[in-house]
1. Mind telling me which of the residues Arg190, Arg214, Arg227 ends up being buried (at least 20 other Cβ atoms within 10 Å of the Cβ) and of a type in the set (Lys, Arg)?
2. Just wondering, is there one or more residues in the range 52-64 that are closer than 19 Å to Gly132 by Cβ, of a type outside the set (Asp, Glu) and either in a loop (DSSP other than H, G, I, E, B) or modelled with pLDDT under 85 (or both)?
3. Looking at the range 231-246, which of the residues that are part of a helix (DSSP H, G or I) and in contact with a strand residue (DSSP E or B) (Cβ under 9 Å, 6 or more places away or on another chain) is surrounded by the fewest Cβ atoms within 10 Å (Cβ to Cβ)?
4. For Leu35, indicate whether it is more than 27 Å from Tyr158 (Cα to Cα) and either part of a helix (DSSP H, G or I) or among the aliphatic types (A, V, I, L, M) (or both).
5. Tell me which of these Gln120 doesn't satisfy, since it passes every other one: (1) over 21 Å from the mean Cα position of the chain (by Cα); (2) surrounded by 14 or more Cβ atoms within 10 Å (Cβ to Cβ); (3) polar (S, T, N, Q).
6. For the range 313-336, what are the residues that are at pLDDT 65 or above and under 34 Å from the mean Cα position of the chain (by Cα)?
7. In this structure, does Ser178 turn out to be in contact with a strand residue (DSSP E or B) (Cβ under 7 Å, 6 or more places away or on another chain), surrounded by fewer than 17 Cβ atoms within 10 Å (Cβ to Cβ) and of a type in the set (Ser, Thr, Tyr)?
8. Going by what's in this entry, would Asn76 be described as at negative phi, in contact (Cβ under 8 Å) with a residue 40 or more places away in the chain, in the same structural domain as Leu136 (by TED's automatic domain parsing) and under 28 Å from the mean Cα position of the chain (by Cα)?
Amino acid sequence: MLTDPKFFKKENNTQNAAEFKRCLPVNVNTSFVTLAPAIATAEQNHVRPLMGDTLFNELATYYSENGIEGSSAEKNELVSYVQMAVVRLAYWESFDQLAVTMSDRGLQVTNGENRAYRYQEDRLKLSLQRQGFGYLNTAIGYIMEHIDIFGSFTESDYYSERQDSVIRSMKEMEAITSIGNDFCLFAKLRQFISETETMELPFRVGGALSTLLRSNRTEARLKTILRSAQGFVAHWTMAEALPSLNVIMSPNGPVVVSDQGNGGNGGESNNPIPPDLTGILQKKHREMAERYIGQLVTYCKQNIETYPEIAEIGLSTAHEKTADHRDNRGKKTFLA
């Protein structure tokens, strides 16, 4: 049944919520029956789409038969990562429902006298969300490190979609421009990464070289220019995404803001990014993107024997300095 968790067992949580507490410091009286639907939902919404049906079912069967003490150390470790992620995402997604009791007599706040301030609850939910997606990212990285054991992962849509990409993981994105190791934010950026790679990169380096950089990265000659391509894609992506995501990069990672008013009782402001600041940040990212792509194109032209595909955009250095580039709205031009 969809309401039955695949990576937590009722018998492991009948006393002091032992299995839950191993993953998250929950109350010892936490009811498996109450939390089970939220956990099952988190598993189906977040874990299954990442792993794919085959690996998800294989790992669920392994856990059902062995828990986290089976004969495979790698599978034990992966199950642990999944549990750490799922219990956090379950509390995050069902936080408001779990905080009240629903009965024939109406809604009743659980432990109403002890409820935290709203800003404290909001911070807790944000922490649960980031930690949960962080563990999912760790799980995916662990699978890739042990792909010989988790070979069925290659059947997942998540895997196949990212193999045709210049930036295939959050780790690669983080190496160029910090997003605070926020896997949730990286998931939102995937749309913009894809658009940059399929629309902007071919315009800059030609379709042939762009295709090679996305799908044939293991080719030895491409390793020299891959970093430049990733730098361009990462910074151009951030410039494109900023207005839509309302994200400010800070020393502590990304700060995601909204237009839902100010935080109360000491909470952080939730006002949108001022338009002028958005423009400043976009300009910074675009400038960095131009430096990376300029470096890549120049290097390829200097080594035309190794990268003959670059001839597709022409070999004149004047082209790099004077080419007009029209934006997606077809109105404004600027130097590329």
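The values are calculated or read from the model by the stated rules, or taken from the named source; none is laboratory data. Everything numeric in this text was worked out from a predicted model, so none of it was measured. For neighbour counting, all protein chains shown are included, and Cβ atoms are generated from backbone atoms with ideal geometry for every residue, glycine included.
1. Matching residue, one of Arg190, Arg214, Arg227: Arg214.
2. No, every residue in the range 52-64 fails to be closer than 19 Å to Gly132 by Cβ, of a type outside the set (Asp, Glu) and either in a loop (DSSP other than H, G, I, E, B) or modelled with pLDDT under 85 (or both).
3. Leu245
4. yes
5. Unmet condition: (2).
6. Passing the criteria: only Ile313.
7. Judged against the criteria, Ser178 is a match.
8. No.
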